[in-house]
Amino acid sequence: EPVDAVHLRGSFQRAVRAPSIFERYEPQVAQNVAIPNPDPCSFDSEQRSGPDGANVAALCVEQGIPASEIATFYDYSGQAPGFFGGNPDLTPEEGRTWTAGVVFDSPFGSPALQYLQVSIDWWSIRINDAISYIFATDYVPNCYDPKYNPGFSATNQYCTWFSREAETGYIVDAYNINRNFAVVETKGIDLQLDWRMPAGPGDR
């Protein structure tokens, strides 16, 4: 409280959340999962038709699509064999929260204004290794996106979350399971006004 009408406040918090039993040990159940339609390796897909088409084609061959078929390969099914469920390899989430704010108390002595208070607070929250499902419709395209896989490597994490059948090249073993895959970050400013005054036998 540097002066009578002003209060300064702030905080830093670190939080850790371990994966729940459900997130870790929910059975992984085999079932068809949705995949991009068309498959990014299809000859007419956005990925094959874009500026990185040659790199995408090379990655598709490295993953198992026969080189003799890559020029005409296509898959418009929109689904593939996969799994839903938990993940025993999950690690804890870690969150960090910063806040800073100022509270202004009314300097006025009149009954109508003496209980006026205004506060403004800035806050920032960041969660590392956030646990959540990520679906094949999201991670399969990331495998062929230079933003997420700049080296077009078959060992990129997004590419390892599914496989391709050696004979057909179709996607198989697409795992829609809980993963530590993201950083969640949000920030903002809160403004609050509190005001009360005498009103007859009570306050309002």
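Annotations for the structure displayed:
- Residue with peak Gaussian network fluctuation, the chain [Cα springs, cutoff 10 Å], from Ser77, Ser68, Ser153: Ser68
- Amide H to amide H distances under 5 Å link Met197 with Arg204, where only residues 5 or more positions off or on other chains count and H is placed in the peptide plane.
- With Rh defined as the Kirkwood radius, the inverse of the mean 1/r over Cα pairs, the Rg/Rh of region 44-95 is 1.17.
- Most fluctuating residue given options Gly109, Gly169, Gly50, as computed from a GNM of the chain linking Cα atoms under 10 Å: Gly109
- Counted charge near His7, where neighbours are those whose Cβ lies closer than 10 Å (Asp, Glu -1; Lys, Arg +1): -2
- Charge context of Ile65, other residues only, Cβ under 12 angstrom, K/R +1, D/E -1: -4
- The chain shape via C-alpha gyration tensor axes, a/c threshold 1.5: prolate
- Using θ = phi - 60° and Karplus 6.51 cos²θ - 1.76 cosθ + 1.60, couplings along region 71-84 (whole Hz; Gly, Pro as x): 5, 10, 5, 8, 8, 10, 5, x, 8, 8, x, x, 9, 10
- Shape class of region 150-204 from the alpha-carbon gyration tensor: prolate, with a/c at 1.5 or above and a/b greater than b/c.
- Charging the Cβ of each Asp and Glu at -1 and of each Lys and Arg at +1, and nothing else, the dipole of the chain about its Cα centre rounds to 580 debye.
- Candidates Thr160, Thr186, Thr91, ranked by Gaussian network fluctuation over the chain, Cα under 10 Å, top entry: Thr186
- In this calculation the C-beta distance from Ser110 to Thr186 is compared with R0 = 45 Å, giving a FRET efficiency of 0.65.
- Between the amide H of Asn180 and those of Thr91, distances stay under 5 Å, these residues lying 5 or more places away or on another chain, with hydrogens modeled in the peptide plane.
- Per-residue ellipticity at 222 nm from helix content only, as computed over the chain with -39500 (n - 2.57) for each DSSP H run of at least four residues, stands at -3500 deg cm²/dmol.
- Loop-resident sites, region 161-204, for GluC sites (Glu not before Pro), counting at most 14 other Cβ within 10 Å (DSSP): Glu165, Glu167
- The per residue volume of the convex hull around the alpha-carbon atoms of region 20-141 is 233 Å³.
- Long-range HN-HN contacts of Gln79 with modeled amide H, under 5 Å: Ile35
- Positive end of the dipole of the chain (Cβ unit charges, origin at the Cα centre): among Tyr25, Phe104, Val183, the Cα lying farthest that way belongs to Phe104.
Bear in mind these aren't lab numbers, they're just calculated from the coordinates by the rules spelled out. All figures in this text were calculated on a predicted structure; none of them were measured in a lab. As a convention, Cβ positions derive from the backbone with ideal geometry for all residues, glycine included, and neighbour counts pool all protein chains shown.
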